[in-house]
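K.L.:
There's a structure below that I have some questions on.
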Amino acid sequence: MLKKILTVDDSRTMREMLRHTLSGAGFEVVTAEDGADGIEKLRESLPDVVITDINMPVMDGFEFIENVRKSEEYNRVPILVLTTESAPEKKQRAQSAGATGWIVKPFDPEKLTRAVNRVMP
Amino acid sequence: MSLDDIKETFFAECADQMAELETGLHEIQSSGPDIDTVNAVFRAVHSIKGGAGAFGFSALVSFAHVFENALDVIRNDLNQVNEDRMDLLLRSVDVLSDVIEAERTGSEPDDTSGLANELETAFGLSEAAEEADDEDDALADFAPVMIDLGDLGDLGVPDTPAGRRFHISFAPHASLYLKGHDPLRFFRELADMGTLFVTCDSADLPKLSELSPDESYLKWQLDLETESAREDIEAVFDWVDGECALSIEETGAPAADDGASLDAFLQSLDETESGGGIPDIDDFGQDPETVPADAGNPVADLIGSLEAADIAAPAAQAEPDAEAGNSDEGSEDAGARAGKKEVKKASQTIRVESEKVDRLINLMGELVINQAMLAERIGQAGFGNASPAALALVELQNLTREIQSGVMAIRAQPVKPVFMRMSRIIREVCSATGKKAMLELEGEHTEVDTTVIEGLIDPLTHMIRNAVDHGIEDPETRQSKGKPTHGTVKLSAYHSSGRIVIEIKDDGAGINRERVLNKAIEKGIVARDAKLSDDDIDNLIFAAGFSTAETITDVSGRGVGMDVVRQSIQALGGRVNISSEPGHGSLFSMSLPLTLAVLDGMIVKEAGQTLVLPVSAVLETATLKPGDVYTIGKNNRVVKMRNQLIPIIDVGRQLGFADKRTDFTKGTIMVVEGGKNGMGAFLVDSIEGQQQVVIKSLESNYKRVPSIAAATILGNGQIALILDCDHIVSHQTSDPSDAVIQSMAG
Amino acid sequence: MQDDLEMQTVGGEEFIAFRVGDQEFCVEITRTREIRGWSQATKLPHSPDYIIGVINLRGTILPIMDLSARLGMGLSEPCERHVIIVVHVRDKTLGLLVDSVSDILDVGPDHLRPVPEVNPSMSSEMFNRVIVMDKRIICEISLEAITPEMELQAA
């Protein structure tokens, strides 16, 4: 059975890029367009790994991760943060929020796949 | 989905983001900054930058980066907005749009470094930008991927002796598990780098009854034989910095059997080998009977211990680290945090290809026609109006009407995006002419069919350009007149009697009537001694061949005059006119149908032809009585109605279907409004009825026919032409006494 | 009629030949959409005399051109005898009113000639080529040439 990845990003382009890369690497991909949508999709699809952006409307990445970590059933799903902001405070913030790891945009497909495999159960 | 498809998506998304950006900055400019709008604007540029990076559009990335940083300054402190900075930001919007377009068409983007420098200076970015760059470089080394030995360059040791040995001590904190990490994965990674020996230290593991789900008890001692460098090993634990106690030491030559190799115990599940430090099952405090069959197998126990570690930190409530995050009030969070205030539920929307909607609308049109045909057949078959068949038909018609409204509503869009585009047009004209003007919007959420919206863009653009170029005075002149230096162009939209009215009002100088009249006389548009009202003079700008542009600038025209604008609007089934107050400004007023797809029509018969008039254009109908008709001058017949004398229009003759009418004692009069506040009394043989008709274009297979707006297919399959009332009323006669007729009243 | 036709099946172009008055003309079959019987057309105001009007072609408004009038051979009186050939010109569809359809011809290159310079009965700009076979001379109508005004769009 294919491993499933949930990608959360408000940019259509980014969602499609991620889907393109990840499904090409053999993963099943589910997408969400903001943190709130992400929570719903998480419940519905129970992915193996989550990749999320930080800057999103409605609910941003930090809040999304925090909410996931607070939940009962899937609070330990590996979550990778995908961001263009590589400043150390942002990484620190992501880590404090509960991110498992991070990937800096722009990513090349190999980097992305390797990072995913590092945390894929 | 290929990369090219995704690229298209990117540019489509850029268009959306630019619209957001434009709208947001417009709001900030008119009502001051608020955190939600600023965040939305920041995110728009951020998204564009992100996507651009993925496709390697470096010019776009670098400009978007500076723009984003400038917006970040405001995001962190809303007081950082001032007029000069707003101007810079607005200019940046235009430049960003241009760079996107250049990248989209594959041409060389203009150099943006000038504006980028201005942004950096104005927002105090220079240092921060450099810092960020440094960070980027520094962090490249911390990229969370395995680094090949080959990549290390000067850090690498080319002639590393085969086989170095490291001793790693790894004790995860509870937080490590809570972030979705699994020690087994780290071990896997390390094992990929060479040969790994793992020993679990479960000394801290309490009895099961005292086991707390939130705590971490297990520690590991690992020995790795590898050719990789220390940095590589550190990189494996990159993400759990601070979530564990970690030490990595290079040790001497490999020793034989410290603990058990990961490979070994995954392979030798059945072997009973004793390893050091493997706990006895009894230490778990378990009832021996519940223990699996191979309980005595220490290797299995080791695996069990690793799995127990999983159990030891199950889903839990407390997570001190997340709390630390919550209490963090740092300014870099202000933006991200506040983002959640936008949680007022956005209405559900879906994206649908417009072709699908167009097809649906066409099918609806066919349904309407078919329904009319059915009605006809039912009538012909002799079913009375109260018969079940007829009643069922009425039901059907009601249902169809509802579905049709619903379908049309799908394609109805607010005019806002078109209005927002005008924002940029104004900026361009201002910068080209040195004038200052601001756009004010009202009723931008008024909806109209897509087909009409698309047709609006060009005429609106020209009228706005006109308003700023010719209407608004330059700042000094305005000041001397006691007006604010910034002119205002107000764009408003509202529904009125089944149509949409769009107005462009400027507070400029108004129309220079003398100049316009002279120009018109010069061009032979009006006779030298013609008596024209102020309004007539104002509307001369729409006359064919008229253009007051002194310089053929790129600004107002590009060779397009207001006459072309009027024609485009008329082609949409609309009308436009201008009114002006010298010294105070002008007002363009446009009225357009809500849709180009269907029409409520009055079906009439004239000269053997079946014709259709838009119900919205008909003011009144009446049967002609001989005493109502008066003759003025030689040939102009008028009818007395509505306390006015309204010129009679011999429709059959006008359209060339019949010779001049001689009998003016019978027929039906329809008082129709058209042109600029004009009216005509259309004389036709009879009115057949009223029904909704589907508009079929003549132009798609033929061409524009004057006096005819479009065609439709009636219930009997016959084609009926839809009259262009504006055109007919405006062109009814070129007799100079017409003006006299128009002004006669009572 | 069919018997004296010479059909070259290889490398030929297909044409549909029809009669207008006492002459035969043709158009490339690839430009032809369909052939229909006559139906009453709705007149268009202020249109040239060779435009009879428009008809309803399954929901589309189709203009009908009197080919005889267009070629200068006199106005037709449209009735059930006539046939309408629906053709595609530029991006529009148009109906040509003709007397009858005579043939489908498969014509090899040696039977296709350019239009002779001097043609006394009608303007040669309206034709592309001429088919010469078995003593028949069939002029190929240039659809673009007979519809120049349809290219003009007001404003």
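Rule-based calculations on the coordinates, nothing more; no lab input. What you see is a predicted model; the values in this text were computed from it and never measured. No Cβ is skipped: glycine too gets one built from the backbone with ideal geometry, and neighbour counts run over all protein chains shown.
K.L.:
On alpha carbon coordinates alone, what is the Rg over Rh value for region B:579-662, Rh being the Kirkwood radius? Please report the intermediate quantities before stating the final value.
P.N.:
Details: Rg = 17.5 Å, Rh = 16.3 Å.
That ratio equals 1.08.
K.L.:
How would region C:2-152 be classified by its alpha-carbon gyration tensor: rounded, prolate or oblate, with rounded meaning a/c under 1.5 and the a/b versus b/c comparison settling the rest? Please report the intermediate quantities before stating the final value.
P.N.:
Working: a/c = 1.77, a/b = 1.55, b/c = 1.14.
Verdict is prolate for region C:2-152.
K.L.:
R0 = 22 Å: FRET efficiency of B:M641 with B:V615, Cβ-based, nearest 0.05?
P.N.:
Values: r = 18 Å, r/R0 = 0.82.
Between B:M641 and B:V615 the formula returns 0.75.
K.L.:
For C:I137 paired with C:R19, estimate the spin-label separation in nm (one decimal), with each label point 7 Å from Cα along the Cα-to-Cβ line.
P.N.:
1.9
K.L.:
If you don't mind, there's one more thing I want to ask. Return the subset of A:K111/B:K179; B:K7/B:K490; B:K531/B:K634; A:K41/B:K179; B:K505/B:K696; B:K435/B:K531 for which the Cα-Cα distance in this structure is over 27 Å, preserving the input order.
P.N.:
On the way: A:K111/B:K179 21 Å; B:K7/B:K490 37 Å; B:K531/B:K634 20 Å; A:K41/B:K179 19 Å; B:K505/B:K696 34 Å; B:K435/B:K531 35 Å.
Flagged as over cut-off: B:K7/B:K490; B:K505/B:K696; B:K435/B:K531.
K.L.:
Moving to a separate point now. Tell me, B:C725, B:C430, C:C79 in order of fewest to most beta-carbon neighbours within 10 Å?
P.N.:
Numbers: B:C725 26, B:C430 19, C:C79 8.
Arranged by neighbour count, lowest to highest, B:C725, B:C430, C:C79 become C:C79, B:C430, B:C725.
K.L.:
Related question: Taking every pair of distinct Cα atoms and averaging 1/r, then inverting, what Kirkwood hydrodynamic radius in Å comes out for region B:358-412?
P.N.:
On the way: mean 1/r = 0.0836 Å⁻¹.
Taking every pair of different Cα atoms in region B:358-412, averaging 1/r and inverting gives 12.0 Å.
K.L.:
Another one. Let me understand region B:1-101 better: what is its radius of gyration from the alpha carbons, and its Dmax, in angstrom?
P.N.:
In order Rg, Dmax, the Cα atoms of region B:1-101 give 13.5, 45 Å.
K.L.:
Also: Quick one: what are the phi-derived ³J(HN,Hα) couplings along region B:47-60, Karplus 6.51/-1.76/1.60 with θ = phi - 60°, whole Hz, x for glycine and proline?
P.N.:
Values, residue by residue: 4, 4, 4, x, x, 4, x, 4, 9, x, 7, 5, 4, 5 Hz.
K.L.:
Another question, then. Give me the percent relative contact order of region B:3-139, please, defined on Cα pairs under 8 angstrom at least 6 residues apart. Can you show the working numbers first?
P.N.:
Numbers: 108 pairs, mean separation 32.2, N = 137.
Relative contact order for region B:3-139 comes out at 23 percent.
K.L.:
Starting from one equal scatterer on each C-alpha and no solvent at all, send me the Debye-based log10 I(q)/I(0) for chain A at q = 0.20 Å⁻¹, two decimals.
P.N.:
Rounded to two decimals, the profile gives -1.08.
K.L.:
Tell me which residues come under 5 Å, amide H to amide H, from B:Q644 once H is placed; ignore anything under 5 positions away on its chain.
P.N.:
Those lying under 5 Å, H to H, from B:Q644 are B:G746.
K.L.:
Also, quick follow-up: Could you list which residues have their amide H under 5 Å from that of B:K435, counting only those 5 or more apart in sequence or on another chain, with H placed in the peptide plane?
P.N.:
Answer set, sorted by chain and number: none.
K.L.:
Skipping prolines and chain starts, which residues have an amide H placed within reach, meaning under 5 Å, of the one on B:A710, given they are 5 or more residues away or on another chain?
P.N.:
B:I722
K.L.:
Let's see if you can work this out: charge +1 on each Lys and Arg Cβ, -1 on each Asp and Glu Cβ, no other charges. What is the dipole magnitude of region B:415-592 about its Cα centre, in debye to the nearest 20? Present the calculation step by step, with values, prior to reporting the outcome.
P.N.:
Numbers: 22 positive and 26 negative charges, 34 e Å.
Here region B:415-592 has a charge dipole of around 160 debye.
K.L.:
Per residue and in cubic angstrom, what volume does the convex hull of the Cα atoms of region B:598-743 have? Could the numbers behind the result be given before it?
P.N.:
On the way: hull volume 16.3 nm³, N = 146.
Dividing the Cα hull volume of region B:598-743 by its residues yields 112 Å³.
K.L.:
For labels at B:A544 and B:T477 in the simple 7 Å Cα→Cβ model, what's the distance in nm?
P.N.:
The two pseudo-label positions are separated by 3.1 nm.
K.L.:
While we're looking at this one, here's another question. If all Cα-Cα distances of region B:415-592 are sorted into 5 Å bins from 0 onward, what percent lands in each bin, rounded to whole numbers?
P.N.:
So the P(r) values, bin by bin, are 1, 8, 17, 21, 21, 16, 9, 5, 1, 0.
K.L.:
Working out 0.36 nm times the residue gap between B:H731 and B:S212, then minus their Cα-Cα distance, what length gain in nm do you get to one decimal?
P.N.:
Numbers: separation 519, 0.36 × 519 = 186.84 nm, distance 9.17 nm.
Answer, rounded to one decimal: 177.7 nm.
K.L.:
Now, a different point. Subtract the Cα-Cα distance of B:H486 and B:L363 from 0.36 nm times their separation in residues, and report this length gain in nm to one decimal.
P.N.:
39.3 nm
K.L.:
Label points 7 Å out from Cα along the Cβ direction at A:S45 and B:A245: separation in nm?
P.N.:
4.1
K.L.:
I would also like to ask the following. So what are the ³J(HN,Hα) numbers for region C:23-29, from phi and the Karplus equation (6.51, -1.76, 1.60; θ = phi - 60°), rounded to whole Hz, Gly and Pro as x?
P.N.:
Once θ is set to phi - 60°, the couplings for region C:23-29 become 10, 10, 9, 8, 9, 4, 5 Hz.
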